[in-house]
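The values are calculated or read from the model by the stated rules, or taken from the named source; none is laboratory data. Owing to the predicted nature of the structure, the values given are computational and were not obtained by experimental measurement. Because the Cβ atoms are built from the backbone with ideal geometry, glycine has one as well, and the counts that use them run over all protein chains shown. For the accessible areas, the whole protein counts, side chains as well, though only heavy atoms, and no ligand, DNA or RNA atoms are used. Shrake-Rupley method; radii C 1.70, N 1.55, O 1.52, S 1.80 Å.
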Amino acid sequence: MNLTVFEGAFIQGLIYGLMVLGVFLTFRILDFPDLTVDGSITLGAAVAASLIITGIDPVVATLLAPLAGALAGLVTGVLHAKFAIPPLLAGILSMIGLYSINLRVLGRPNLPLLRQPTIYEYLAGAGFTLRSSEFILSAAVALILILLLYYFLNTETGQALRATGDNEIMMRSLGVNTGRMKIMGLALSNGMVALSGAMIAQYQGFADVSMGIGTIVAGLASVIVGEVLLGRSRIMVWLFAVLLGSILYRLIIALVLKLGFQPTDLKLFTAAIVTIALISPFFKDYLKKVKA
Amino acid sequence: MLELHEITKIFNKGSVNEKIALDNISLKVPPGDFITIIGGNGAGKSTLLNCVAGVFPVERGKISLNGEDVTALPDYRRAGDIARIFQDPMMGTAGSMTVEENMALALKRGQKRGLVRGINESRRQFFREKLLLLQLGLENRLGVPVMLLSGGQRQALTLLMTTLVQPRLVLLDEHTASLDPKTALKVLELTRELVEKNKITTLMVTHNMEQALRVGNRTIMMHEGKIILDIKGEQREKMTVAELIDMFRDVSGGQVQSDRMLLT
């Protein structure tokens, strides 16, 4: 059996892990299911790819992508916090709007990065193979992001963010502008998602306007898979669980493809994973009742 | 200290369900006053606290705190001066966060929150010393998520949290009502200790007539959005629980609306 496929899936898991950490921040910490990510991952890819095409240094292009993503998150946050639009609808509005914006940024539905420089080539120049430099770079970025998130979530502001997702009424009575907290959290999250998109585009060699479809569900599936395996006892464990979930999710997808399923079947497969995870508590209760 | 000037609060204004929750209420609360508030269901007690806290904007009138007009300020901008404790013990703390994390959140009430760590060793020491006051053994459970504590423990912790940053005004909305009698008594004792010792101005809603007369230095009774009784000093000391209940019966049309106040 050819293992290269799984190597690739592993690296994808690390890069998509940045997106999953972003989804974790909104879905788990803020208790805000944010659909913006379907648009902001593509936005990150589109911004980075189009900047690289115009000759901008890939590192600069990759660092500018999260700013665009944060802006998208900011819009969703303002729609929700200032104008009381429900979370799902606010996310959908941003996501749909971003589809047009992404097409504008890309200039066409699919923008290939053939023979363009990418961030992964920097290390490759230093004597590593392209594959190992992809691995080193994506692992390093994921690790740094986890450490930064861990530090942030334990700062005064980070604690206030966590408490906003837990008990908003309490936080307002403690003097926190919870609307602003949510806006900040959404901006941060979508910044991470866009960074993931920028790195994915360079990894796969193109940015595509439809590459973001289903991202939120893949993100949720990854979060849930990780939590099942490592638990969520402490924040550090939880963050690593989420990254591990992302890697496993991509490996499972690779396996499913190996088994002969079509790539177009994957969305159904992902939706099934999330559905099973979400309904399993009901079956647990049911089984308890049956036994009793 | 706190001054309400002709406050009116209307819910569902302009609809068939329109309800005048507060009807032209004026109230002057000098510093250090500890007022107990009684009244039947829907009398406007909780609405009054929510308007003072800034959760509900008022239709008419003016609210000033320490001479400053706060009528237009949202709740989170009044929080530096006002601390609140709710009836539901789950409301005052963040269940998924630990005892020390909750205290760290409260330590910054009404202040800017920065990017320094919320908990350090000196803060942890401070929290431990404060928790000793509760005599609940929580000083040894700093790292335990609050959701694992009992309702009484959570409410006691909430109370302690409100005093980490000295508030000018404390709002208590039946904060002992959902606790078992023994715990309720303990939390009430703690309340008196913390509030009276520091001479913090306090408004306390209660359904318990005995409490209403024995705790604090002033009692007001509300009915249909109005303050219909305001007693303090000698008049209050002479008042018996039976008299207060009679009075309550008179205004509420011969019906005592809640068994709770007779049973206690």
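Here are some notes:
- Residue within the stretch A:180-192 that is in contact with a helix residue (DSSP H, G or I) (Cβ under 9 Å, 6 or more places away or on another chain), more than 9 Å from every other protein chain (Cβ to nearest Cβ), within 25 Å of A:GLU7 (Cβ to Cβ) and crowded, with 24+ Cβ neighbours inside 10 Å present: yes
- Single residue of the stretch B:56-88 satisfying the filter (of a type outside the set (D, E, K, R) and under 29 Å from B:SER122 (Cβ atoms)) that is surrounded by the fewest Cβ atoms within 10 Å (Cβ to Cβ): B:GLY80
- Residues of the stretch A:15-38 satisfying the condition of being open to solvent by less than 10 Å² (accessible area, probe 1.4 Å) and touching a Ser or Thr at 6+ places or on another chain (Cβ under 6 Å): A:ILE15, A:GLY17, A:LEU18, A:MET19, A:VAL20, A:GLY22, A:LEU25, A:THR26, A:PHE32, A:ASP34, A:THR36, A:VAL37
- Tabulated pairs, the stretch B:74-88, first at the interface with another protein chain (Cβ under 7 Å from one of its Cβ atoms) and of a type outside the set (Asp, Glu), second part of a strand (DSSP E or B) and open to solvent by less than 40 Å² (accessible area, probe 1.4 Å), C-beta under 8 angstrom, 6+ apart or interchain: B:ARG84/B:VAL170; B:ARG84/B:LEU171; B:ARG84/B:LEU172; B:ARG84/B:ASP173
- Scanning the stretch B:46-66 for residues that are on the phi < 0 side of the Ramachandran plot and touching a His at 6+ places or on another chain (Cβ under 9 Å) yields B:LYS62, B:ILE63, B:SER64.
- Filter result for B:LEU105 (under 22 Å from A:LEU161 (Cα atoms), at the interface with another protein chain (Cβ under 7 Å from one of its Cβ atoms) and surrounded by 15 or more Cβ atoms within 10 Å (Cβ to Cβ)): yes
- Within the stretch B:224-239, being over 19 Å from B:VAL29 (Cα atoms) and in contact (Cβ under 8 Å) with a residue 24 or more places away in the chain holds for B:GLU224, B:MET239.
- Test result for B:LEU159, crowded, with 21+ Cβ neighbours inside 10 Å, at pLDDT below 95 and away from chain A (no Cβ under 12 Å): yes
- The residues of the stretch B:111-147 that are open to solvent by less than 40 Å² (accessible area, probe 1.4 Å) and within 22 Å of the chain's Cα centre (by Cα), listed by number, are B:LEU131, B:LEU134, B:VAL146.
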